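Inspection log for the structure reproduced underneath, given as structure tokens.
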Amino acid sequence: MANRLDTELQFHAQALNVRAFRQQVLASNIANADTPGYKARDIDFSKSLQDAVAGRAQSVALVRTAAGHLEPSRQALESGSVKYRTVLQPAIDGNTVDMDVERAQFADNALHYEANLQFLNSKLKALLAAIQG
């Protein structure tokens, strides 16, 4: 039974994780809008979600060559899916952040994140209702 619940909810959990990671990347772009030389980044959501659901690593594996090395963070492992955004018009200082694009992508991603949460919540409520009878 637990395995069936995991498979039912795994896709939505992975989608939430990828959306949350994308939100961090977009927020980083917005925060660095005035940083000279900063290059705007984004992820391919559908490819990242396919990789996450399939359990494929999204970057090269990091090897610890000494006992004192730290384990890589989850964000470091996920950063393999982050790509530079196609630039329409870079600033004279080399910054490629277009605030209109970033705000639109941020709002779109937040809307999809919220919709995914509501869908997951309704699935859980349906499962709870079925259990309670």
Quiz item: Quick check, is LEU5 closer than 24 Å to LEU124 by Cα, at pLDDT 80 or above and not in a loop (DSSP other than H, G, I, E, B)?
Solution: no
Practice problem: List every residue pair whose Cβ atoms sit under 6 Å apart, with the two residues 6 or more apart in sequence or on different chains, where the first one lies in region 25-36 and is closer than 8 Å to GLU102 by Cα and the second, anywhere, is surrounded by fewer than 13 Cβ atoms within 10 Å (Cβ to Cβ). | Solution: none
Quiz item: Taking interchain pairs and intrachain pairs at least six residues apart, which have beta carbon atoms under 7 angstrom, with the first residue in region 82-93 and over 21 Å from SER48 (Cα atoms) and the second in a loop (DSSP other than H, G, I, E, B) and among the β-branched types (Val, Ile, Thr)?
Solution: VAL87/THR96; PRO90/THR96
Quiz item: In the set SER79, SER73, SER59, which member is modelled with pLDDT under 80, in contact with a Gly (Cβ under 8 Å, 6 or more places away or on another chain) and more than 20 Å from LEU111 (Cα to Cα)?
Solution: SER59
Quiz prompt | Those residues of region 78-116 which are of a type in the set (Phe, Trp, Tyr) and touching a Leu at 6+ places or on another chain (Cβ under 6 Å), in sequence order | solution = PHE106
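The values are calculated or read from the model by the stated rules, or taken from the named source; none is laboratory data. On a predicted model such as this, the values are computed, not experimentally measured, just so you know. Backbone-built Cβ (ideal geometry, glycine too); neighbour counts: all protein chains shown.
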